[in-house]
Amino acid sequence: MDRLEASRSPGGALLQPIRTTCPYCGVGCGVLATPDGAGGAKVAGDPSHPANFGRLCSKGSALDETLGLDGRLLHPMRRGADGALRRVAWEEALDAVAAGFQRVVDRHGPDAVAFYLSGQLLTEDYYVANKLMKGFIGSANVDTNSRLCMASTVAGHRRAFGADVVPGCYEDLDLADLIVLVGSNAAWCHPILFQRMLRNKETRGAKLVVIDPRRTATAEAADLFLEIAPGGDQALFCGLLAHLSDAGALDSAFIDAYTKGFDDALIGARRISPTIAATAASAKLPEAAVAQFFDLFMRTPRVVTAFSQGVNQSAQGTDKVNAIVNCHLATGRIGKAGASPFSLTGQPNAMGGREVGGLANQLAAHMGFDAQSVDRVRRFWNAPRMATREGHKAVAMFEAIERGEIKALWIIGTNPAVSLPDADRAREALRRLDHLAVSDNVLSNDTINSGVHILLPAQAWGEKDGTVTNSERRVSRQRPFLPAPGETRADWAIVADVGRRMGFSGFDYAGPADVFREHAALSAFENDGERDFDLGGLADISNAAYDALEPTQWPIRRKESRGRARFFAEGAFYTATKRANFVAPEQPALKTELSAARPLRLNTGRIRDQWHTMTRTGASPRLSRHIAEPFVEINPRDAASFGVEDGGFAIVATDWAECVLRAVVTDRQPQGQIFAPIHWSDETASLGRVGALVAPFVDPYSGQPEAKATPAAISPRAFALQGFLLSREKAAPPEDGWRARAAVEGGWTYRLASDAPPQAWRSFFRGAFGAKDAIEYIDDSHGAYRAAAFEGERLVATLFIGPEPMSWDGALAFFALERLDGAQRKALLSGRPPDGVADDGPLICACFGVGAKRIEAAIGAGCKTAADVGKALRAGTNCGSCLPEIRRLVTQPGG
Ligand SMILES: Nc1nc2c(c(=O)[nH]1)N[C@H]1C(S)=C(S)[C@@H](COP(=O)(O)OP(=O)(O)OC[C@H]3O[C@@H](n4cnc5c(=O)[nH]c(N)nc54)[C@H](O)[C@@H]3O)O[C@H]1N2
Ligand SMILES: Nc1nc2c(c(=O)[nH]1)N[C@H]1C(S)=C(S)[C@@H](COP(=O)(O)OP(=O)(O)OC[C@H]3O[C@@H](n4cnc5c(=O)[nH]c(N)nc54)[C@H](O)[C@@H]3O)O[C@H]1N2
Ligand code: SF4
Ligand SMILES: [Mo]
């Protein structure tokens, strides 16, 4: 520990702010991190970064709470013959990974091994892993969690533009007069960009249309909200194309000069959605709303259609992308200031992964598997064994693992046991592998706990060093500002070491700048402008210039010093004909049908303050106060007909699995559909792994799973007891019932529900904390049990369990006090907050830590608008992610 602490304390005058980039969403905000000398850092927005101009959302602002070493993986570990994971030296771990892969390749050939990577890796990490597998091991079995995220957009871009290019940039969101958000909850998932859109609305009067089956926080800010049926987007945009044509609103000059295939696309679109009435019927929207949207689109030259997972994660995701792009091509609204289709990317380096060829159907530097590209990359890499054809896409990769065809797998920076569809099956597949290596930052997650053989400790954000590319093609530096703890190493360096151990040359990089230069040089190699992705202008960058690199958009061709903001306003597409392709849409169809046994559609997605499987945001008490447990949202009518109560528990069942989730009854959710967030796992909850519920059906072009429309059933689930445990250390409450863990100031809380008798909880508490000085309260007649354990005056744990749901706010306030005197000890078990401490309710504003109860009080005291609340409490005045919730409280005080 001494060594560790020493290594976290940079000496001397190093405590300057370091410019880096947020590790969460694809907005790619610039962050100023100032190390505190004790292993932590203060974070603030970087005013000079063109993505955020100094702002950060709730997640970015709470990055300081995720830097601790609790739960970090600090040393390589290896599973021994007895099944236990033990610390080993790096030499042994690397030898074992290399030998494991070599053995399988020797016996079964290169296609029996695979890498599964992540859009959270740096470009340099990704580049080296892709090179090792596709150029040296000789298989294209490299895929990434981007398959679950952006693959439909990639496929749609390639069909339409001949390359995976995002034609527009963020400034377009400031300049547009109409912003259409399709399948995007940007208020929660791309908050800083959403703030830019709202500013445009406020200052320039831009209109906002939101297309989503749920009335999200994003929808609440819309001028027009289209509560579309799941999968209805294709019908809607086909109807729009037909309407634009009928109304004479096409840009025929653009169509003639720069595109091909328009007539077929129009015929296809008319077949699906001939009229406004037909469109409205297919998309299950009011006709007037459809007409209003079409009219707005038609009349507004400067329109940006921004889309995300409601488009990508569907069985017709690629067709949806092309249906949107078709409307922009047909009106010439592409790559012009304020006018473009715009894919909002999810992960911080979703784009970088696409650039290096992280997807199994791409090679490197946006090249494919045509003979010329394969040969070009072979010569550039001096590669002994080039992959010559596409590898398995994520879902198919796990099926090949299940069948035993893939025997060795290296997972780097993703948690597929949680995030893949049909996740139980994916998890079982992992256990069948002969050789499973995982590189991660944490000691434990559901993937690591699925039979990993070798565990490799990677550097985390704040330690790692390299580049990421955001949604607008802007390459920014992630710079280290903390020393790497324990024996953690850079992901690229770990992969390069394994490459060398497998006997390959070409993996001798001195640092990330070396890797970056090679990546940039490959993008420019034999590229006279015919390939979109080109970083040639950075191929000779010095180490010092790499360290100082300003956020830069690509393409940046040789001899250029600046990148380009937009593409295609004047054609020059990357197809053989240089023309864009209109893609004739196929008949839209969801992959699954509802039935009497599965009468509801399960939609899945994100909440404001958690990131994916919570390995990082789950460590932040501030972020955990917004929503602390896995839930399912259901419309009041459905709730009534299925007997589900608000605040009670519900079993959600699909053909693939079952979960037990807290029920939230709300009319934000339409009838016939339920919504559950993706964040909880076996690590943080029981019965809350929503990925296990999701159907594994994929889009035929992109291989991306339909994560948002699984047929499901819901029924109530009653538990005899409910309660919570607060503990300074992570604890292991009995597994029989329901549990959800969340970080709180000074420890952890477990929300509990159980059918075990109070006596069982008593023995658990005594077993876990009985060695301490404990007080107890038992009410056998009501089946209630409360207990607290102390070390001296310090409260170390407290458990409340009983037949009624109970608020933990009181106990939480005592927990925050740390030291309790005699009177407070007695008061603690009463469940009321300590004297003088107000109970603040669920957190609304994560930036300033303001809860619902304080906001309600301010409203009671006269605040009439969200702006008034901001003046009174500062709530909502920083990142603005909570403004929709504050507005809701203002209009429905107390509700
Ligand atoms: N807070 C937070 N932010 C994040 C992340 C996070 O984990 N937490 N993750 C990041 C990542 S990797 C990603 S990919 C992005 C995702 O960002 P988003 O795509 O905005 O997020 P989701 O919640 O997955 O889904 C968006 C919306 O699609 C809607 N939808 C479902 N089906 C349909 C449909 O058929 N049509 C339409 N039009 N809409 C539909 C859902 O109701 C949902 O509101 O967020 C990024 N930002
Ligand atoms: N049902 C359903 N499923 C979904 C989605 C959905 O909307 N619905 N969304 C999909 C989408 S869009 C996405 S992007 C995925 C996300 O799903 P995942 O990628 O599985 O989720 P994360 O929690 O981000 O997992 C990242 C892991 O990498 C580790 N890690 C973080 N940084 C590093 C690093 O620098 N190096 C290494 N080696 N490890 C690191 C973290 O500790 C964590 O264990 O989920 C997908 N699954
Ligand atoms: S919007 Fe928030 S999560 Fe996304 S990059 Fe910016 S600060 Fe990070
Ligand atoms: Mo994503």
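The values are calculated or read from the model by the stated rules, or taken from the named source; none is laboratory data. For clarity, every value in this text was computed on a predicted model and none was experimentally measured. Glycine also receives a Cβ, built like all others from the backbone with ideal geometry; neighbour counts cover every protein chain displayed. In case anyone asks, the SASA skips ligands and DNA or RNA and just uses the protein heavy atoms, side chains included. Shrake-Rupley method; radii C 1.70, N 1.55, O 1.52, S 1.80 Å.
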Around D446, with a cut-off of 9 angstrom between Cβ atoms, what is the net charge of the other residues, counting Lys and Arg +1 and Asp and Glu -1? 0
Relative contact order for region 1-147, counting Cα pairs under 8 Å that sit 6 or more residues apart, in percent: 12
Computed for region 389-448: size of charge dipole around the Cα centre, +1 on C-beta of each Lys and Arg, -1 on C-beta of each Asp and Glu, debye to nearest 20, value 140
Toy charge model, Lys and Arg Cβ at +1, Asp and Glu Cβ at -1: region 843-891 dipole around Cα centroid in debye, rounded to 20, equals 40
Under the 7 Å Cα-to-Cβ spin-label approximation, R86 and H108 lie apart by a distance in nanometres of 2.7
Taking 7 Å along the Cα-to-C-beta vector as the label spot, tell me the L74-A257 distance in nanometres, rounded to one decimal. 6.4
Give the relative contact order (percent, whole number) for the chain; include only Cα pairs under 8 Å separated by 6+ residues. 15
Pop out the carbon and sulfur fraction of the accessible area of the chain as a percent, whole number, probe 1.4 Å. 50
Tell me which of A93, S61, I627 sits at the most positive position along the dipole axis of the chain, charges placed on C-beta atoms (Lys, Arg +1; Asp, Glu -1). S61
Which three extents, in whole angstrom, do the alpha-carbon atoms of region 117-199 cover along their principal axes, largest first? 50, 27, 20
Residue separation between S830 and D528 times 0.36 nm, minus their alpha-carbon distance, gives in nm 101.2 nm
Prolate/oblate/rounded call for region 600-717, Cα gyration tensor, a/c under 1.5 rounded: oblate
Roughly how many Å² of S476 are accessible to a 1.4 Å probe, to the nearest 10? 0
Could you give log10 I(q)/I(0) at q = 0.20 Å⁻¹ for region 159-343, computed by the Debye formula over C-alpha point scatterers of equal weight, without solvent? -1.55
Using a cut-off of 9 Å between beta-carbons, work out the net charge of the residues near Y509 (Lys and Arg +1, Asp and Glu -1, Y509 not included). -4
Antiparallel DSSP bridges in region 421-493: what percent, to the nearest 5? 45
What is the sum of charges, Lys and Arg at +1 and Asp and Glu at -1, for the other residues whose Cβ falls under 11 Å from the Cβ of D223? +2
Where q = 0.11 Å⁻¹, what log10 of I(q)/I(0) comes from the Debye formula for the chain, counting one point per Cα? -1.42
Which stretch or stretches of region 781-814 have amide N atoms under 18 Å from the point lying 7 Å from K853's Cα along the Cα→Cβ direction? 800, 805-814
Mean residue ellipticity (222 nm) of the chain, computed from DSSP H runs ≥ 4 via -39,500 (n - 2.57), nearest 500: -9000 deg cm²/dmol
Need one number: % antiparallel among DSSP beta bridges in region 159-343, to the nearest 5. 5
Starting from the Kirkwood Rh over alpha-carbon pairs, what translational D in µm² s⁻¹ does region 322-361 have by Stokes-Einstein at 4 °C and 1.567 mPa s? 108
Region 60-89 to region 546-608: how many Å between their Cα centroids? 35
How high is the relative contact order of region 325-469, in percent, with contacts defined as C-alpha pairs under 8 Å that are six or more residues apart? 17
Taking the Cα centre as origin and putting +1 on Lys and Arg beta-carbons and -1 on Asp and Glu beta-carbons, what dipole magnitude results for the chain, to the nearest 20 debye? 860
Over the chain, with neighbouring protein chains present, the accessible area per residue in Å² at probe 1.4 Å is 34
Say the dipole of the chain comes from +1 at the beta carbon of Lys and Arg and -1 at that of Asp and Glu; which of A768, G511, G391 then lies farthest toward its positive end? G511
Rounded to whole angstrom, the alpha-carbon centroid of region 265-343 lies from that of region 155-218 at a distance of 13
Partner lysines whose C-alpha sits under 29 Å from that of K201, ignoring same-chain residues fewer than 8 away, are K59, K284, K320, K336, K864, K871
Classify region 257-314 as rounded, prolate or oblate from the Cα gyration tensor: take a ≥ b ≥ c as the square roots of its eigenvalues, call it rounded if a/c is under 1.5, otherwise prolate when a/b beats b/c and oblate if not. rounded
Label region 730-798 by shape, choosing from rounded, prolate and oblate, from the square roots a ≥ b ≥ c of the eigenvalues of the Cα gyration tensor; if a/c is under 1.5 it is rounded, and otherwise prolate applies when a/b is larger than b/c, oblate when it is not. oblate
